[in-house]
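> Dropping the structure in here first, questions after.
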Amino acid sequence: MMFKMLKRYLIRSFETGLLFEDGDLVRVLDAGRHWIVDPLRRRELRIMSRREPWLWDEELDLIVKSGLVEDRIDFVDLKDHQRALVWIDGRFDRFLTPGLYAWWNDSKDVRVEVIDARNPRFEHDDLAVQEFWPKAAVVLDICTVERNHAGVLFVDGRYVETLTPGRYAFWKGEAKATVVEVDLREQLLDVAGQDIMTADKVSLRLNAVVTYTVADAHRSVTSSDSASQALYREVQLALRAVIGSRELDAFLSDKEEVVTELTDLVRSRADVLGLKIESLGIRDVILPGDMKDLMNRVTEAKKAAEANLISRREETAAMRSQANTAKLLDNNPVLMRLKELEVLEKIAASGQLNVILGEQGLSDRIMKLL
């Protein structure tokens with residue numbers, strides 16, 4: 001009967017025994033052989049290995065509060081707003097969430113860094129290592145802002161800051177952090193197939209193109225649900241306002257002025273959207289089929305009139321030149337005689353002379369010349 005009341009235990013060099021009686025820690029046993037008398041079955045010996053630095057037990061709070069192991073363990077009691085980072089022997093080991101944790105202080109070099117998680121953004125020099133902890137996703141939200149982008153950070157729906165490219169982490173549970181990524185590179189907006197009526201009731205189909213960049217990332221995501229779609233609508237309205245106030249001929253004859261006015265209108269609205277207009281142009285102007293034929297005929301008639309005018313101008317110039325020559329010869333007999341000799345020289349050079357007699361006296365004059 002006596003042997004049934006005695007229990008023998010072996011505690012090895014890397015172990016520690018915790019003796020409980022009626023649920024309370026009453027004694028700490030070191031390495032060696034131990035006999036425990038327990039006639040009423042009220043005692044329990046729990047043997048803990050110190051190879052693993054952590055002291056895990058369902059009644060850890062009682063163990064810590066007993067004061068019997070205060071020289072053997074270190075502990076941390078994390079509140080709801082606290083998190084902790086743990087390094088063991090100089091290597092990152094884990095994150096700790098709210099709760100009570102204890103570790104043996106003689107087994108390994110354990111370093112615990114307590115952080116206030118009420119600031120939802122987690123910043124640390126070793127983030128690149130910490131994010132690869134297998135359970136990192138349980139405690140952290142990790143995101144990447146890519147190159148040539150900006151990240152607009154909202155915490156619980158409130159704007160906090162605009163993030164530059166890089167890796168960012170946020171504590172889970174304390175607040176809802178949202179990062180909206182915005183592309184800062186130059187972007188192209190194609191405004192195609194716009195049917196617009198000019199002031200003289202001519203229907204046109206236009207294709208415009210806009211290049212823009214994001215000047216203010218925060219404003220671009222808060223001023224509209226989609227800044228690019230809002231800019232598309234603004235370009236549509238500007239096209240109708242500018243072209244609809246002009247007649248067709250005025251529009252076609254001065255597209256540069258139209259583009260300048262369009263750009264001024266769109267740029268002012270783009271500033272409100274956090275965008276910067278780099279360029280705006282009208283790529284295509286498509287007329288209805290009957291209007292094309294009409295304009296072709298008008299153009300053809302204009303070209304024909306211009307050609308006729310040029311021909312008349314040349315004829316007039318030739319006649320004016322002949323009249324000036326006749327007047328000069330009439331006033332200068334010597335010059336007239338030289339001109340006659342020039343004509344005779346050309347005739348003689350041809351090797352053939354044909355004389356046609358006409359009015360009386362003409363033959364005499366020719367003979368005098370010869």
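> Counting residues that are closer than 30 Å to Ile286 by Cβ and in the same structural domain as Gly244 (by TED's automatic domain parsing), which strands (runs of 3 or more DSSP E) fully inside region 110-197 reach at least 3?
In region 110-197, the matching strands (runs of 3 or more DSSP E) lie at 187-197.
> Answer with yes or no whether Arg269 is assigned by TED's automatic domain parsing to the domain that holds Lys255, of a type in the set (D, E, K, R) and either at pLDDT below 60 or part of a helix (DSSP H, G or I) (or both).
Values: assigned by TED's automatic domain parsing to the domain that holds Lys255: yes; of a type in the set (D, E, K, R): yes; either at pLDDT below 60 or part of a helix (DSSP H, G or I) (or both): yes.
When the stated conditions are applied, Arg269 passes them.
> Also, I was wondering about something else. Of everything in region 203-255, what is of a type in the set (Phe, Trp, Tyr) and farther than 15 Å from Gly193 by Cα? Give them in sequence order.
Scanning region 203-255 gives Tyr212, Phe251.
Per-residue answers, yes or no, for (1) surrounded by 18 or more Cβ atoms within 10 Å (Cβ to Cβ); (2) under 14 Å from Val209 (Cβ atoms):
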position	(1), (2)
Leu239	yes, yes
Ala250	no, no
Ser253	no, no
Val259	no, yes
Asp264	no, no
Asp271	no, no
Leu280	yes, yes
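> Filter region 57-81 down to the residues that are within 50 Å of the chain's Cα centre (by Cα) and surrounded by fewer than 18 Cβ atoms within 10 Å (Cβ to Cβ) and list them by number.
Hits for region 57-81 are Phe75, Val76, Asp77, Lys79, Asp80, His81.
> Given the residues Gly17, Gly32, Gly90, Gly23, which is the only one that is free of Cβ contacts under 8 Å to residues at least 60 places away in the same chain, closer than 30 Å to Asp126 by Cα and not hydrophobic (A, V, I, L, M, F, W, C)? Spell out the reasoning first.
On the way: Gly17 fails: closer than 30 Å to Asp126 by Cα; Gly32 fails: closer than 30 Å to Asp126 by Cα; Gly23 fails: closer than 30 Å to Asp126 by Cα.
Only one candidate qualifies: Gly90.
> Name the single residue, out of those in region 148-198 being of a type in the set (Lys, Arg) and touching an Asp or Glu at 6+ places or on another chain (Cβ under 9 Å), that is surrounded by the most Cβ atoms within 10 Å (Cβ to Cβ).
Applying the filter and picking the extreme gives Lys172.
> I've got another one for you. Just to verify a result, which residue in region 1-46, among those that are of a type in the set (A, V, I, L, M) and surrounded by 15 or more Cβ atoms within 10 Å (Cβ to Cβ), is nearest to Lys65 (Cα to Cα)?
Applying the filter and picking the extreme gives Leu25.
> Answer yes or no: is there a residue in region 1-9 that is more than 60 Å from the chain's Cα centre (by Cα), in a loop (DSSP other than H, G, I, E, B) and either over 30 Å from Phe132 (Cβ atoms) or of a type outside the set (A, V, I, L, M) (or both).
yes
The values are calculated or read from the model by the stated rules, or taken from the named source; none is laboratory data. Remember, it's a predicted structure, so these values are computed and weren't measured experimentally. Virtual Cβ from ideal backbone geometry, glycine too; neighbours counted across all protein chains shown.
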